Structure formats: C-alpha cells, structure tokens
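Working notes, beginning with the structure itself.
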Amino acid sequence: MEIFNSVSALRLYLESQRRDNKSIGFVPTMGALHAGHGSLITASRAGNDLTVCSIFVNPTQFNNPDDLAHYPRTLAADCAMLQAAGCDAVFAPSAQEMYPEPAVVKFDFGALERVMEGQFRPGHFNGVGVVVSKLFNIVQPDRAYFGQKDLQQTAVVRQMMVDLGFQIELHICPTLREADGLAMSSRNVNILAQHRPAASTIFRILNQAKTSLLAGESSKTAQVHAAEAFASQPDFKLAYFEIVNLHTLQPVAACQPEGQTAICAAAFLGKVRLIDNVVF
Ligand code: PAF
C-alpha cells in the first residue's frame, strides 16, 4: 500500500494508474477507522481496480474547537487497518497541504442544510463541501463511497456533485452497528465506559418511532414520545429528533410512501455527540 502526504505525488501516481486503464474507487475519511470504514473499502475494492482512502481531519468542518481538539487521531493504526483491508493508496495530507491558503469560496446548500446538523453546526456543510470537492478534484475517482450514518452529508455531497458536474458514481453504504445496535463512529472511542451501556438507546428509540410511524402515528406524536424516552435517560441530552423526507430532508407530518422516510437523531451522551438514523 502506498502512502502519500502531498497532492503532487498522489496525482502523479494516479495519472500512471489511469494510463493503465485502472478504475479508481475513493473513500474519504477523517481517520480513526472502524469496521464501518472497512465496509466502504470492501465496497470500493469490489467495484474498482484501485482503492484510494483519504485520512484528513478537516478543520473547516468543525464549528466547535473543542470537538476538533478531541477528534481521535490514529494514523498508524488506520494505515495498518487499510493495508489489511486491501486498500491500494492512502492520502494523508497536512492542513497546510490541503489549504495552502484559506478557502474563500462558500457553499450554501439551501434547504438541505437549514435542518438538523446544519442548524446545530453552522458552517459544517460548507467545510464538507469545500474539502470533498477538493478531494474529488485531486483524486478524480470513478466512484466514491460514503456511509449512510451521515445521511445529511450524503444529501449535501449529492447536491454538490450535481451542481458542479462531477462525473463520479456516488455509493451510499449501510451503517454498520455494534452488537447492541450502536452505530459505528470514530467518536465512539470517546464514550465513557459508564455511559457505554446506554449508548444503544438512540437506535432503540429510532426503531420505536419507526414502528409507531408505520402503524400510522403522526410525526409530532412520535417526536413527543422520542423526547420523553430520551428524557428518561439521565446521561442523554437530545439535540434533535426529526422525521423527514429521505431526499429533501424536510420534515414530514407522517410516514411517506415506501422508501421515502428517514428518522434522524442527534444526542449528547455525556460530552460525546452521537448521530444516527433509520431509513424506510
Ligand atoms: O464523513 C467524514 O468523515 C467527513 O465528513 C469527510 C466526508 C471525510 C469530509 O471531511
């Protein structure tokens, strides 16, 4: 497995791979890799000749300096994991390499970012848009792989690709979960041991709401029940619990026709902010 820190060296390598007619799959990450990332690498390997993974904790998508400071950084372990998973190349640039000058251009994703994460993390999706578009321009992959856990991010990336005309196939891969249902996330390592048993609550409440909505309950009532369920868990502080159209991400009054509804939640467990969703 090749490891690159510079844009120019990675470009040279990828140019020669493209000359050999190799198709390129790309998995952008911020490191602290887990089995969920592993599944993206597996999907990329299955669909491409070559798989590139980027590891870059992108400062411009953090609106909270404390969150950035505590984001786990495990580059050596990440590279070992990627090598074992059969990844071909890692791109691990410094912040200076990615942003020799601060980006001036700003992304505004309109209604897509006025809800949920966008409402609670101002500037977050601008940072995601800037870094993902830069990474796409550097790697120029045929296919890119993202996890469904960051559902709003996938919608924003899809919009950016349409608006900027990226000719890249977008693949959204299912969320991987721990045995108790907790969605795998790089942030999970920061969950305190005494909070860990409660962490699966978020997935349990999402599923309860899904069952109620499918039985005809209104979104408003499902939200009230979810808020009560979170309130009964002393270590959890709910940020939002939204029932939305899967594509527009706008709130819906009730369950949408088959395949159209997403329930998305964000909550603090102690100091760790967790997000999760179910789609149906
Ligand atoms: O999902 C992530 O890890 C990040 O938001 C991404 C897509 C790598 C951009 O920094």
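The values are calculated or read from the model by the stated rules, or taken from the named source; none is laboratory data. None of the values given here were measured: they were computed from a predicted structure. Please note: Cβ atoms are built from the backbone with ideal geometry, for glycine as well, and neighbour counts cover all protein chains shown. Keep in mind that these areas ignore ligands, DNA and RNA; they rest on the heavy atoms of the full protein, side chains included. Shrake-Rupley method; radii C 1.70, N 1.55, O 1.52, S 1.80 Å.
Within the stretch 178-206, can you find the residues that are surrounded by 15 or more Cβ atoms within 10 Å (Cβ to Cβ) and in contact with a helix residue (DSSP H, G or I) (Cβ under 7 Å, 6 or more places away or on another chain)?
Gly181, Leu182, Ala183, Met184, Asn190, Ile191, Ile205
Could you pull out the residue among Gly129, Gly147, Gly123 that is closer than 16 Å to Asn63 by Cα, among the small types (Gly, Ala, Ser) and surrounded by 21 or more Cβ atoms within 10 Å (Cβ to Cβ)?
Exactly one residue qualifies, and that residue is Gly129.
Could you look through the stretch 61-80, keep only residues that are open to solvent by less than 60 Å² (accessible area, probe 1.4 Å) and within 15 Å of the ligand (Cβ to nearest atom), and pick out the one that is nearest to Cys173 (Cα to Cα)?
Checking each candidate, the answer is Asp78.
Being in contact with a His (Cβ under 9 Å, 6 or more places away or on another chain) and among the aliphatic types (A, V, I, L, M), is that true of even one residue in the stretch 7-25? Show your work before the answer.
Step one: list which residues in the stretch 7-25 are in contact with a His (Cβ under 9 Å, 6 or more places away or on another chain), which gives 25.
Narrowing further to those that are among the aliphatic types (A, V, I, L, M): none.
There is no residue in the stretch 7-25 that is in contact with a His (Cβ under 9 Å, 6 or more places away or on another chain) and among the aliphatic types (A, V, I, L, M).
If a residue counts only when it is open to solvent by less than 20 Å² (accessible area, probe 1.4 Å), closer than 30 Å to His70 by Cβ and within 16 Å of the ligand (Cβ to nearest atom), which strands (runs of 3 or more DSSP E) contained entirely in the stretch 1-58 have at least 3 such residues?
24-29, 50-55
With the checklist (1) open to solvent by less than 20 Å² (accessible area, probe 1.4 Å); (2) in a loop (DSSP other than H, G, I, E, B) in hand, flag the one item Leu274 doesn't pass.
(2)
Restricting attention to the stretch 81-101, which residues are assigned to a loop (DSSP other than H, G, I, E, B) and either within 13 Å of the ligand (Cβ to nearest atom) or without any contact (Cβ under 8 Å) to a residue 24 or more places away in the chain (or both)?
Those that are assigned to a loop (DSSP other than H, G, I, E, B) and either within 13 Å of the ligand (Cβ to nearest atom) or without any contact (Cβ under 8 Å) to a residue 24 or more places away in the chain (or both): Ala92, Pro93, Tyr99, Pro100, Glu101.
In the stretch 166-208, how many are more than 13 Å from Asp276 (Cβ to Cβ), assigned to a helix (DSSP H, G or I), more than 15 Å from the ligand (Cβ to nearest atom) and among the hydrophobic types (A, V, I, L, M, F, W, C)?
1
Filter the stretch 150-162 down to residues that are surrounded by 21 or more Cβ atoms within 10 Å (Cβ to Cβ) and in contact (Cβ under 8 Å) with a residue 60 or more places away in the chain and give me whichever is nearest to Leu12 (Cα to Cα).
Ala155
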